[in-house]
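For reference, the structure is listed below as structure tokens.
No value in this document is a laboratory result; all are computed from the given coordinates. Remember, predicted model here, so these are calculated numbers, not experimental data. Every residue, glycine as well, gets a Cβ built from its backbone with ideal geometry; the counts of neighbours run over all protein chains shown.
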């Protein structure tokens, strides 16, 4: 339980600086609009904002009232309106409407938009087209990085995934590059950068150009190595059910910006409770990376220890009692509170999981990963659909089937799709089109090799008819080659051997010993061999776009493993899951290094799939 | 918003009235930048275009920095130094995997099915001779222009007038991988080109996404998607009818037609059921309307409220089943759920009853009987009903475990008897009620000398 670090493991850099920087810049921007003003905040910016500033900070800088951006007419009576938003056309259109309706009634106000983390040309064009360009001033709040924990930094840009991988819009590439530049500036210089994926390559280039143009400084780096990875390199891992505590809590209760809301069923009161989940929570910190099956035992042991500690009170004299109350009681009470909370969460998880036959679901998932009894799996999924069990779960299983089998047989595809539409609504046609385009749920191309596929793409490229275009897009979605990759990288541990989940022997423990996450395995292997040499077969199956580059004069440094060399920043473009973070923490403990996860957002199967749905107006 | 910056006069002699609402000019950066700028100016004298500009008009760059402000100038000069870099990282090839040649997609083909070869070079005389370009930034190459756009510096797209120049500009933007700049160029092209536009695949996707966000253009599926924003069911139905004319693939066309038919039926059913006159509606009042529900939900509803109606009526399960080509398995599952919910065990039985040619009744199911048991149990079926279905499970192990789970004692006892497993039977006796019928039955069996127990 709660494995300890190797003694020689390096410490993590202090990322609270990032929060300070963001806060200071926000204050500066607010001061640019002197006087009382009302502040409108994008709904998805509220939690990130909460992590770095509070209402008092805002009030101190003459923010009068706070509103959530709801795209409705405003009720504010303030003379100055400030909008703190993500650069989205829809929001800017709404602001233009606000300005125009004020103008229509002859009302004069000052308007300022603060785009974060950056503004987009398209947004300003909207202002121009709506004829309010001069009426509204705009600024950028370069709030790229939010430290969620000691080793997790998030860009809090969930739309990165859909924009980049589904829509093919590269608007966030520069943003990701800038985020990297900031870390490089504060905690670098980096000496080695590895990466895989189309987006990873572009982000690397963007970062490199920004660094070239910017200033250089000589300092001792905190972070030596960087690994960039595209989410579409590994779709299988985020689609698996999470069984490590933190991941499970995220799957069930949804952790939002490092905090979770536990309902009455967990708190055993009539109130819900919002709790921060991070390394500050001592109880959580010990169980977050554990397989769920160990958590109960650990918590009950903890509870017994706590009882013993409380019991010490009996037989104390007044002086001892006084010391106990002053020194220990507060800590014990705190621990008591946390313990009962996590025990409540565990109970609630157990209840929910038993109800949905979790065991059988996991069995199906493992069969899919192993490529074992696929027909039975299809029957299981079909029944899932027929019985209208969770819409997202059914879709998740379908995608896992498609990814692990390199696509569905045409007749299976047609039949499962038809049944899905019957069970969950025909408007999911749109979702299926999206999933096909991104390559998550596709039809098998019988007997088609990669080269044939390429020549097909080549042909389509010359074809200018509308119908073929969509085909061309979907053909660009790469084949997953999961089975071959899994064999080559030995992702599935041999069956039949007992896997002791209490003493994990590899990263597979995060999936009950059934599967080593592809993403983390790649990271492990590439770091181990210091590049991609000898991995040509693997990278070909992953659609290439791999790189490993060394910075200027750091050649000598990379050889000997200095502390910064053992601090590795892993950037997930398109999101990463808590399970992957747990796996990397495990890897770090094994290898005496530390991983810092930089992600565009924390994701899980539901978030990933929901971002691809189009079933709502 | 404007703030005078006195420092400006110190070294920039232009007449431009400087102001800034730039965001990164806090004291610290300013100091550093100025320092760097001063030192860099000494080594940099080939970039004097910026200094001899005689324009009186304030030029504001994209990021809002006025041309000529300190931070603007600093950036101008700084960017012209190419840093070799102590920590210089190598450039890597980021060209898209598609071949460059012949990768021209036509935007117009996507929306208007119109296209024409466009790579032909436009007559040079149509372009303004270089000498005429007085404006100081008009000579910026596509590369320089894109670079400036990416850095948020002042730039101009006006000079890119010929189609070829426009495409060169677009290509440059695409190869810089900056989606923001790609979209910016596309917006300019959209404004300055009437219809025909040949672009790369990557640019096309940016353009499509932009139009989607602007709600200007709709692809096939997006047209269909529009139905989701129509609240009135009759209007929605009529809209879906128009969608049936869209050129969907064969499979999808069937789904869209189903969608129309479904809503049409739901509207008819809803009109009658809303009144709730039949007995069943009084006994089990509806919780929600049936409008816009999926097909299977509609079937369940129909099995719940309209069971036994003749196939001729739209609301009957049989009609829905045949209209939407619902498989037997799916039908049985849904009907089973609905009838079990109503505790109509007779209906449940008749779902599985089949008569063979000799007239014997036999139970047959397209889904495993363990699933049937599961559904019945979830609907609180009594043991008497459950045991009939548990006994039909093929897999002995599964049968035994479910029989134990749902307390179908007779089945368990009989199975142990058949297995001649005396030990297990003794163990099981502890689980049944003392003196009960089952208890006696076990005693009887254990006392039966005829059975050859295996243990």
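If packing is taken as the average number of other Cβ atoms within 10 Å across a peptide's residues, how do A:132-145, A:351-364 rank, most packed first?
A:132-145, A:351-364
Given the C-alpha atoms of chain A, compute the convex hull and give its volume per residue in Å³.
Normalising the Cα hull of chain A by residue number yields 205 Å³.
Taking region A:15-143 as the region of interest, what is the percent of Cα-Cα pairs per 10 angstrom bin, listed from the shortest bin to the one with the maximum distance?
13, 48, 33, 7, 1
What does the structure give for A:414-426 when I average, per residue, the other chain Cβ atoms found within 10 Å of the residue Cβ?
The per-residue average across the peptide is 6.
How many partner chain Cβ atoms sit within 10 Å of a residue's Cβ in peptide A:18-30, on average, as a whole number?
1
Distance in nm between label sites at residue B:327 and residue B:353, each 7 Å beyond Cα in the beta-carbon direction?
Spacing of the two 7 Å Cα→Cβ label points: 2.7 nm.
Suppose the chain between residue A:590 and residue A:282 were pulled fully straight at 0.36 nm per residue; how much longer would it get relative to their current alpha carbon spacing?
Contour length minus the Cα-Cα distance gives 108.7 nm.
Over the whole of A:197-203, what's the average partner chain Cβ count within 10 Å per residue? Rounded to a whole number, please.
The per-residue average across the peptide is 3.
What FRET efficiency do you get for residue B:91 and residue B:396 if R0 is 60 Å and r is their Cβ-Cβ distance, rounded to the nearest 0.05?
For R0 = 60 Å, the calculated efficiency reads 0.35.
Dividing the convex hull volume of the alpha carbon atoms of region A:144-296 by its residue count, what do you get in Å³ per residue?
Given the Cα convex hull of region A:144-296, per-residue volume reads 147 Å³.
May I ask you to give the average projected area over all directions of the convex hull of the Cα atoms of region A:355-445, in nm² rounded to one decimal?
One quarter of the hull surface, i.e. the mean projection, equals 5.4 nm².
Share of antiparallel DSSP beta bridges in chain A, in percent to the nearest 5?
About 25 percent, rounded to the nearest 5.
Any idea what diffusion coefficient region A:245-351 gets from Stokes-Einstein, in µm²/s, Kirkwood Rh on alpha carbon pairs, 25 °C, 0.890 mPa s?
164
Calculate the FRET efficiency for residue B:288 and residue A:502 from the Cβ-Cβ distance with a Förster distance of 51 Å, rounded to the nearest 0.05.
Using R0 = 51 Å, I get an efficiency of 0.60.
Once every DSSP H run of n ≥ 4 in chain A is given -39500 (n - 2.57) and the sum is divided by its residues, what mean residue ellipticity at 222 nm do you get, rounded to the nearest 500 deg cm²/dmol?
My calculation for chain A gives -15000 deg cm²/dmol from helical runs alone.
Would you mind computing, in nm to one decimal, how far apart the modelled labels at residue A:133 and residue A:304 are, each placed 7 Å from Cα along Cα→Cβ?
Using points 7 Å along Cα→Cβ, the separation is 7.3 nm.
Sorted by average packing, counted as other Cβ atoms within 10 angstrom per residue and highest first, what order do A:84-95, B:300-311 take?
A:84-95, B:300-311
What length, rounded to one decimal in nm, is gained on full extension from residue A:273 through to residue A:56, with 0.36 nm per residue of separation minus their alpha-carbon distance?
75.9 nm
For labels at residue A:323 and residue A:610 in the simple 7 Å Cα→Cβ model, what's the distance in nm?
Result for the modelled spin labels: 5.2 nm.
Give me the percent relative contact order of chain A, please, defined on Cα pairs under 8 angstrom at least 6 residues apart.
21
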